[in-house]
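Undergrad: Pasting a structure here, questions to come.
The values are calculated or read from the model by the stated rules, or taken from the named source; none is laboratory data. Note that this is a predicted model, so its numbers are computed, not measured. We place every Cβ from the backbone using ideal geometry, glycine too, and count neighbours over all the protein chains shown. These area figures cover heavy atoms from the full protein model, side chains too; ligands, DNA and RNA do not enter into them. Shrake-Rupley method; radii C 1.70, N 1.55, O 1.52, S 1.80 Å.
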Amino acid sequence: MASIEFRPWPFLENEDVELFWFGSPYTDYKGDWRIRIAFRRASGELKILTRAWGTIPLLRIGQIYTDGVLNQVRPMSGSSYTFTIPSLDTGVVVNAFQMPKRLIDFGKNPELGTQKIVQYTTGNITLCIPVIELVRAMFINSRLMAYSLMQPHGLEQLIEDCEFEKSILHFHLGPRVPNTMATESNARHMSWIYLDFKMKAMWDSIYQVLFSQAIAESPTNPAKMLRKGTPLNVELPSTGSVELVVRGDKFINMILVKEILGFAGFTHPANEIEFWHHSKKRQESVFGDRRLRMTSRSKNDDFIINDESKDARENTNQDVLDAPPTFMKFINYPVVRTRRKSVRQTNAGNDVIDSSGRGGKNSGESREVSVQDSVVGGDLPPIDFKTLEMVPITEAVGLEDFFEMISMLKEMTSYSIRMSVVRVPHGKKFSICPNGLRRTCAIAQVSNGVFTKYILEIARPDDWSISTLILQPVNDMFLKEVEKKLFCY
């Protein structure tokens, strides 16, 4: 599992800090979008940092950072809950100060407390979903989509053609989409937002509301207000019933949603999609030796996100990292066929070893990358993220029973529960499910002040016979050591 480190990092060496809350998005002096983020120290002190807006797909409330390194395995605060709401537009948008302090305490900080949340009432429970988390889960599955969201007609700039011919949707992504992001999953996601007029109106409203507020406060210079920052807001569309699986904290009858783990109940406007991107080419074998370049250093999958980057370079084959997954189930799941117009010739002869390669100047070391928007002349290579997993509503995620068990455990006991969902590392026999998706794993930390145990549940959408694993740290082992070794089997 790749290590992700943020630089610069203003906290003490070996100090654990928790991602506590999000502040307002704003533009810097160059016009680049950034986001304010509040981190909480062990003492309870809050410190607000700023990061490039392109980090949003990776960030979750409750994540733990040490020396700027995100611990992706460490369980996060909150338990799992499943709810069904009648429609997205049944929510009421209020500011976060309206939540009780026992649920979350902003310390009278207006930057944090004035952020928008959507409240849904289901039975006797009130769900409080931060607008930025709702927007992230539905729309921002990558750095590419994050920056497109904050531009007028940003989605249109990624799409070259989108039209129905009989019952088949012809969907062509444009050259602004890097090769590594031109995937069938992204084609399903982008075409859903673009074609479903209610989803498109919700998408468009995010930038429109921001810009409208900036004009209202400063008619002659709206850019000044964008630099100041405004709480993210959204216009909620009318939909059918939507099922939500979330990680959150509960106080009396209110639940603060810290992460949306999954949605179910949406309908895609198309049942068949013919997808095309200029990088999609048919392989044609020709006679010739295949050269295999041998490098002198091993590849390192660790990355340093340098927040002082000027801009990210344009790179059609940029690295894409797995981020915590968000599942989206569609009532209808469109079949995607990739159209390949041109031909790529590949040599099919004997293998010839080429030992001239050195593996690059950063091979074997953590690579510095940027999450800024990509421009010509950028100073660092870009990195992007993959968060969204789209599945038919008839297929299981494979963790439903585990989430229900955790909810029951929380209701029936006074245990403190923290949990997270991660992807199983590559290289295992069971890493990939039969439907081609990466298998996931839920990690729950259960403690009562006397003991701490870890529960690992591998997702089983294919009904594999995989046992639940319960680990208890030995007395002379620190919890940090356990967390580091959870995926080293």
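Undergrad: For the range 215-251, name all the residues that are in contact (Cβ under 8 Å) with a residue 40 or more places away in the chain and in a loop (DSSP other than H, G, I, E, B).
TA: Gly229, Thr230, Pro231, Leu232, Asn233, Val234, Leu236, Pro237, Ser238, Thr239, Gly240, Ser241
Undergrad: Out of Asn186, Asn233, report the one residue that is open to solvent by less than 40 Å² (accessible area, probe 1.4 Å) and more than 27 Å from Glu163 (Cα to Cα).
TA: Working: Asn186 fails: more than 27 Å from Glu163 (Cα to Cα).
Unique residue meeting the criteria: Asn233.
Undergrad: Could you say whether any residue in the range 124-133 is more than 20 Å from Pro237 (Cα to Cα) and either open to solvent by 10 Å² or more (accessible area, probe 1.4 Å) or not in a strand (DSSP E or B) (or both)? It would help to see each step written out before you state the result.
TA: So the first thing to find is which residues in the range 124-133 are more than 20 Å from Pro237 (Cα to Cα), and the list is 124-125.
If we keep only those that are either open to solvent by 10 Å² or more (accessible area, probe 1.4 Å) or not in a strand (DSSP E or B) (or both) as well, we get 124-125.
Yes, the range 124-133 contains at least one residue that is more than 20 Å from Pro237 (Cα to Cα) and either open to solvent by 10 Å² or more (accessible area, probe 1.4 Å) or not in a strand (DSSP E or B) (or both).
Undergrad: Output yes when any residue across the range 191-213 is within 20 Å of Ile260 (Cβ to Cβ), touching a residue at least 40 places away in the same chain (Cβ under 8 Å) and in contact with a His (Cβ under 8 Å, 6 or more places away or on another chain), and no when none is.
TA: yes
Undergrad: Kindly check whether there is at least one residue in the range 159-175 that is surrounded by fewer than 17 Cβ atoms within 10 Å (Cβ to Cβ), in contact (Cβ under 8 Å) with a residue 12 or more places away in the chain, touching an Asp or Glu at 6+ places or on another chain (Cβ under 8 Å) and hydroxyl-bearing (Ser, Thr, Tyr).
TA: The answer is yes, given that some residue of the range 159-175 is surrounded by fewer than 17 Cβ atoms within 10 Å (Cβ to Cβ), in contact (Cβ under 8 Å) with a residue 12 or more places away in the chain, touching an Asp or Glu at 6+ places or on another chain (Cβ under 8 Å) and hydroxyl-bearing (Ser, Thr, Tyr).
Undergrad: Only one residue in Gly54, Gly107, Gly113 is among the small types (Gly, Ala, Ser), in contact (Cβ under 8 Å) with a residue 60 or more places away in the chain and open to solvent by less than 10 Å² (accessible area, probe 1.4 Å), so which one is that?
TA: Gly54
Undergrad: Mind listing whichever residues of the range 134-156 are open to solvent by 10 Å² or more (accessible area, probe 1.4 Å), out of contact with any helix residue (DSSP H, G or I) (no Cβ under 7 Å at 6 or more places or on another chain) and assigned to a helix (DSSP H, G or I)?
TA: Residue satisfying the conditions is Glu156 alone.
Undergrad: Out of the residues in the range 64-82 that are part of a loop (DSSP other than H, G, I, E, B) and either in contact with a His (Cβ under 8 Å, 6 or more places away or on another chain) or open to solvent by 10 Å² or more (accessible area, probe 1.4 Å) (or both), which is farthest from Ile260 (Cα to Cα)? Break it down into steps so the answer makes sense when it comes.
TA: Within the range 64-82, the first condition is being part of a loop (DSSP other than H, G, I, E, B), and the residues that meet it are 67-68, 71-75, 78.
Adding the requirement that they be either in contact with a His (Cβ under 8 Å, 6 or more places away or on another chain) or open to solvent by 10 Å² or more (accessible area, probe 1.4 Å) (or both) leaves 67, 71-74.
Details: Asp67: 27, Asn71: 19, Gln72: 16, Val73: 17, Arg74: 18 Å.
Among residues in the range 64-82 that are part of a loop (DSSP other than H, G, I, E, B) and either in contact with a His (Cβ under 8 Å, 6 or more places away or on another chain) or open to solvent by 10 Å² or more (accessible area, probe 1.4 Å) (or both), the one farthest from Ile260 (Cα to Cα) is Asp67.
Undergrad: Then there is this: Report, by residue number, each residue of the range 398-424 that is within 19 Å of the chain's Cα centre (by Cα) and either surrounded by fewer than 16 Cβ atoms within 10 Å (Cβ to Cβ) or of a type in the set (S, T, N, Q) (or both).
TA: Within the range 398-424, Ser420 is the sole residue that qualifies.
Undergrad: Additional query: For Glu457, only one of the following conditions fails: (1) open to solvent by 70 Å² or more (accessible area, probe 1.4 Å); (2) in a strand (DSSP E or B); (3) in contact (Cβ under 8 Å) with a residue 24 or more places away in the chain; (4) of a type outside the set (Phe, Trp, Tyr). What is its number?
TA: (1)
Undergrad: May I ask you to list pairs of residues, at least six apart or on different chains, whose Cβ atoms are under 8 Å apart, with the first in the range 314-333 being touching a residue at least 24 places away in the same chain (Cβ under 8 Å) and open to solvent by less than 30 Å² (accessible area, probe 1.4 Å) and the second being small (Gly, Ala, Ser) and not in a strand (DSSP E or B)?
TA: What qualifies is Leu321/Ala2; Thr326/Ala137.
Undergrad: Could you please let me know if Ile48 is in a strand (DSSP E or B) and hydrophobic (A, V, I, L, M, F, W, C)? Steps first, answer last, please.
TA: On the way: in a strand (DSSP E or B): yes; hydrophobic (A, V, I, L, M, F, W, C): yes.
Considered against the rule, which asks whether it is in a strand (DSSP E or B) and hydrophobic (A, V, I, L, M, F, W, C), Ile48 comes out as yes.
Undergrad: Pairs needed: first member in the range 258-271, open to solvent by less than 10 Å² (accessible area, probe 1.4 Å); second member anywhere, aromatic (Phe, Trp, Tyr) and part of a loop (DSSP other than H, G, I, E, B); C-beta distance under 9 Å; at least 6 residues apart or different chains.
TA: His268/Tyr333
Undergrad: Please count how many residues of the range 427-448 are more than 15 Å from Ser80 (Cα to Cα) and in contact with a strand residue (DSSP E or B) (Cβ under 8 Å, 6 or more places away or on another chain). Lay out the reasoning, then the answer.
TA: Step one: of the range 427-448, the residues more than 15 Å from Ser80 (Cα to Cα) are 427-440, 447-448.
If we keep only those that are in contact with a strand residue (DSSP E or B) (Cβ under 8 Å, 6 or more places away or on another chain) as well, we get 430-432, 435, 437-440, 447-448.
Looking only at that region, the number is 10.
Undergrad: Applying the selection to the range 83-94, what residues are under 14 Å from Val131 (Cβ atoms) and either free of Cβ contacts under 8 Å to residues at least 40 places away in the same chain or open to solvent by less than 50 Å² (accessible area, probe 1.4 Å) (or both)?
TA: Leu88, Gly91, Val92, Val94
Residues are listed down the side, and each one gets a yes or a no for (1) closer than 19 Å to Tyr415 by Cα; (2) modelled with pLDDT under 80:
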site	(1), (2)
Asn435	no, yes
Thr440	no, no
Ser447	yes, no
Thr452	yes, no
Leu456	yes, no
Asp462	no, yes
Val474	no, yes
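Undergrad: Report yes if some residue within the range 184-199 is within 16 Å of Trp33 (Cα to Cα) and at pLDDT 95 or above; otherwise report no.
TA: Looking only at the range 184-199, we keep the residues that are within 16 Å of Trp33 (Cα to Cα), and these are none.
Within the range 184-199, not a single residue is within 16 Å of Trp33 (Cα to Cα) and at pLDDT 95 or above.
Undergrad: State the number of residues belonging to the range 82-127 that are within 19 Å of Phe251 (Cβ to Cβ), out of contact with any Phe, Trp or Tyr (no Cβ under 9 Å at 6 or more places or on another chain) and β-branched (Val, Ile, Thr).
TA: 4
Undergrad: Arg358 - would you say it is modelled with pLDDT under 90, charged (D, E, K, R), part of a loop (DSSP other than H, G, I, E, B) and surrounded by 15 or more Cβ atoms within 10 Å (Cβ to Cβ)? Spell out the reasoning first.
TA: Numbers: modelled with pLDDT under 90: yes; charged (D, E, K, R): yes; part of a loop (DSSP other than H, G, I, E, B): yes; surrounded by 15 or more Cβ atoms within 10 Å (Cβ to Cβ): no.
Here the answer is no, as Arg358 does not meet what is asked.
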